[in-house]
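> This is the structure I want to talk about, given as structure tokens.
The values are calculated or read from the model by the stated rules, or taken from the named source; none is laboratory data. If you're wondering where the values come from, they're calculated on a predicted model, not measured in any experiment. Methodologically, a virtual Cβ is constructed for each residue, glycine included, from the backbone with ideal geometry; neighbour enumeration extends over all protein chains shown.
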């Protein structure tokens, strides 16, 4: 019985050792951290989640749609079970990190018959330092990384059995989860859905596959529509969140202050934000969007130059050295240079030029292109590359047997 289960889910001895190492590293690092939060975003997520867990209301001072709901609801679930305990939240995210490692091994096993490919993918993800770090921060980045990898695995499983209603529905729900973690990922899901609709019409004129595509779309749309309807009823906005306008203002109009890490201090008494604070949430979102659009139209040259800076910051191989990090800037630079150049360069090359299963894997390079464009136009940091790293690890893993064969020859 146990052997059948382990064989079905790819849990051989090497896989179990990798998963055990992943769990130990994440839990060990989490235990070394103080019971406090270090990021303003983490504090915002924590406040939303604890109020939801304690009072059953999504919002601190009243109903809000300022953040998409998936990650705060996840945290709230942990808090309902364990109390307001950061250690419990970090442990729960460590378990998701282990699931991420397992999912990557399952996907890698579909890319190549060489056993070294899933082993490398799993080991790289288990020991990747920034996965370990962000799995212990109360930020949505790690949860988004998990949900995007889950979406890719659910998509591949559906493509393997395209007439399965169950797999189609699970695929749509996985994409919905991703959009409810980060709203700008909705276009990624919609482009994939459109591509599958076109491919299904070409492959099956009678329509059974197209009906499964429609099932994916329905499973994707229903949770989003329900949340948008809640926001319409609560704050007057049929949208998934009301955070985009503030992001545009802080990263475009106040680009220099945000980049220098002094945005909060520099705008505390800014009349622009004092006026915005008096507006209802939905009007405040429109106010921010309008200001950002005017700034871009009035300063196109500056905006283009700052887009180039954001692109560089997104794809750089090591963190900025002009700011201090609690973990130590020099240490982060060394760790980054040991991992980022190989994973990024080899992963990108493999994703775009080598992977044979393009009908299964095209969501991965599509995500790379979309997030690169998004963070170039709005806000770019190494941290926002994290959700792409599982895909880059898969690409790099596919190269390993090719490099080994070439070295033997």
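> Which one of these is farther than 20 Å from residue 391 by Cβ, at pLDDT 95 or above and either part of a helix (DSSP H, G or I) or assigned by TED's automatic domain parsing to the domain that holds residue 40 (or both): 152, 193, 173? I'd like the intermediate steps shown before the answer.
Numbers: 152 fails: farther than 20 Å from residue 391 by Cβ; 193 fails: farther than 20 Å from residue 391 by Cβ.
Every option except 173 fails the conditions.
> Against the condition more than 27 Å from the chain's Cα centre (by Cα), farther than 30 Å from residue 165 by Cα and without any contact (Cβ under 8 Å) to a residue 24 or more places away in the chain, how does residue 210 come out, does it pass?
In short, no.
> Next question. Taking the condition free of Cβ contacts under 8 Å to residues at least 40 places away in the same chain and either over 23 Å from residue 39 (Cβ atoms) or part of a helix (DSSP H, G or I) (or both), does residue 125 pass?
Numbers: free of Cβ contacts under 8 Å to residues at least 40 places away in the same chain: no; either over 23 Å from residue 39 (Cβ atoms) or part of a helix (DSSP H, G or I) (or both): yes.
No: the conditions fail for residue 125.
> Among the residues of region 160-172, count how many are under 10 Å from residue 215 (Cα atoms) and buried (at least 17 other Cβ atoms within 10 Å of the Cβ).
Residues flagged as under 10 Å from residue 215 (Cα atoms) and buried (at least 17 other Cβ atoms within 10 Å of the Cβ) within region 160-172 amount to 6.
> Among the residues of region 223-243, how many are touching a residue at least 40 places away in the same chain (Cβ under 8 Å) and in contact with a helix residue (DSSP H, G or I) (Cβ under 7 Å, 6 or more places away or on another chain)?
Residues in region 223-243 being touching a residue at least 40 places away in the same chain (Cβ under 8 Å) and in contact with a helix residue (DSSP H, G or I) (Cβ under 7 Å, 6 or more places away or on another chain): 10 in total.
> Note down all Cβ pairs under 6 Å where the first residue falls in region 333-344 and is under 15 Å from residue 392 (Cβ atoms), the second is at pLDDT below 90, and they're at least six residues apart or on different chains.
Pairs found: 336/318.
> A follow-up question, please. In region 60-84, which residues are closer than 25 Å to residue 279 by Cα and in contact (Cβ under 8 Å) with a residue 12 or more places away in the chain?
Residues satisfying the conditions are 60, 63, 64, 65, 66, 67, 68, 69, 72.
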